[in-house]
Amino acid sequence: MGRRSAVLVIAGSTALLSIAAALAWRLSPEGGPGRLHDLPVPMESSGFHLLLAIGVVLGAARLGGLIAQRSRLPAVLGEITVCVLLGPSLFGALSPDGMGWLFPDEIVSAVHGPAQLGLVMFMVAAGAELDLDVLRTGRRSLLTVVYAGLAVPMAAGLALAVPTAAQYAGPVNFPVYAVFLGLVLGVTALPVLARVLGDLGLSGTPIASFALGAAAGTDLVVWSLAAICLGMAGTGAASGTTVILLTVLFVAVMVAIRPAMARIAAAMESPGSGGSRVGGQDAALPLVMVGALLASTATDAIGVHAAFGAFAFGVVLPRHSLACMGAADRLGRFAAAVLLPLFFLEVGLRTDLADALGDSGDRWWCLAFVVTAVAAKLGGVTLAVRAGRWPWVPSLTLGRLLNCRGVTELILLRIGVDTGILSADLFAILVVMTLVTSVITAPRAGVTAGSGDLRGGKSSDAAVTAESGDAGALRGAAVQRNPGVSGDVPPGSGG
């Protein structure tokens, strides 16, 4: 990030939060002239208060997204940053009374429902983003990258878990904490990565198709291991073994109903039933939403987070169906633009950077997590593709791209702190790690954007290029089959 962009981000965020703090303080009971009891009665109602809080959050998130785009960063990173600053990290530090008035407990509780709904909708779209054809094509190279991109961070997570468990682990067994920490270090945010590739002008290149395929495979493995990890933690009423068995049964049911879903989608789109592209999407929208909610409810009842159920439902949606893919895409876009900022707000209100990084020990551990996360992912992926005789430059580019974490990481962290695997202080440290590793992905990858075609390599490089190129062709065909459904997140939205 250039100096001018950094100044713009800091100045814009500071001005926005200063205005918000002054307004909230003035409207609060402690705000002096113009205080709350001098205002019209409707402004004291809970409905007005809730609408005002939501409006402030959505407006602030949008402005943060525009500032990030201006700085050549994905908009979602600006949205996350602003929502974190709306919490005790900055807004609460400048005006505790103002933050307490704008976001009291009853308002935060009221926001929780829409935030959870947005999370479910986003995870359905993220699951639908998994192009299974890409995972099948070039699977040897993809599996190698997915394995190395997870194995090395998992080992690094174990290494960090040993000295940090006593200070930062929640009330769970050490193996659960260590495995979960490895997943946190190894995750890649598929929707954010797709947006970064588009911003860098790499969309459609072999390395972009390969990176998206690797990110999709990583997401699939991470969420599967996360479900097992939660089962080991015994987060529900059932025992850990029962949770794991029920999760396996849930996945089997999801796979079993996929043919029936395909037949229903075909019936909605058939000309004989009066179906059309738009009409089919309108008909499929409530069905996809109900299915996602039922799947989320099932996994939540099992003892695995609701996000896993929504993700699994998105994965089994029929890819050839314009109606289902279009409905999932519409749900994801609405969630990203309207509901996910409320989820970011929940993250921000639970993140106090000043408290979590208040002493030198916490700051050193924060630095250790950032460096380890970047080095483990970069090293594992780069060495894996180098073993396949890729040139150094595209190998490093792929490693940098797969360091992108974003929203997927925040969802995983929220699950970790909600289930007691991570402490609040470690949650704040890992939020910082998420922002830093996501921010450095875009400009760093841009340095080697010209190497995206992998030309100039040895003979085996040509094979890798052809292999990943076929995957890109399949992905392009999938997009053509589903117009308007692609890996890119809409401008100004989260992902």
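The values are calculated or read from the model by the stated rules, or taken from the named source; none is laboratory data. Because the structure is a prediction, the values reported are computed rather than measured. Cβ coordinates were reconstructed from backbone atoms using ideal geometry, including for glycine residues, and neighbour counts include every protein chain displayed.
Which count do you get for residues in segment 251-299 that are at pLDDT below 75 and either assigned to a helix (DSSP H, G or I) or polar (S, T, N, Q) (or both)?
Residues in segment 251-299 being at pLDDT below 75 and either assigned to a helix (DSSP H, G or I) or polar (S, T, N, Q) (or both): 11 in total.
Can you give me the ranges of the helices (runs of 4 or more DSSP H) entirely in segment 349-459 with at least 3 residues that are at pLDDT 85 or above and crowded, with 21+ Cβ neighbours inside 10 Å?
Once the helices (runs of 4 or more DSSP H) in segment 349-459 are filtered for at least 3 residues that are at pLDDT 85 or above and crowded, with 21+ Cβ neighbours inside 10 Å, what remains is 360-387, 392-401, 406-418, 424-447.
Per-residue answers, yes or no, for (1) within 16 Å of the chain's Cα centre (by Cα); (2) not β-branched (Val, Ile, Thr):
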position	(1), (2)
281	no, yes
288	no, no
306	yes, yes
313	no, yes
323	no, yes
327	no, yes
338	yes, no
341	yes, yes
346	yes, yes
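Out of curiosity, is residue 178 out of contact with any His (no Cβ under 6 Å at 6 or more places or on another chain) and within 30 Å of residue 338 (Cα to Cα)?
no
For segment 176-191, which residues satisfy the criterion of being more than 26 Å from residue 241 (Cβ to Cβ) and touching a Pro at 6+ places or on another chain (Cβ under 6 Å)?
Once the filter is applied, which keeps residues that are more than 26 Å from residue 241 (Cβ to Cβ) and touching a Pro at 6+ places or on another chain (Cβ under 6 Å), segment 176-191 yields only 185.
Take the residues in segment 61-78 that are in a loop (DSSP other than H, G, I, E, B) and more than 17 Å from the chain's Cα centre (by Cα), then tell me which one is surrounded by the most Cβ atoms within 10 Å (Cβ to Cβ).
Within segment 61-78, the match that is surrounded by the most Cβ atoms within 10 Å (Cβ to Cβ) is 71.
From the list 217, 240, 231, which one is at pLDDT below 75 and buried (at least 17 other Cβ atoms within 10 Å of the Cβ)?
Criteria check complete, one pass: 240.
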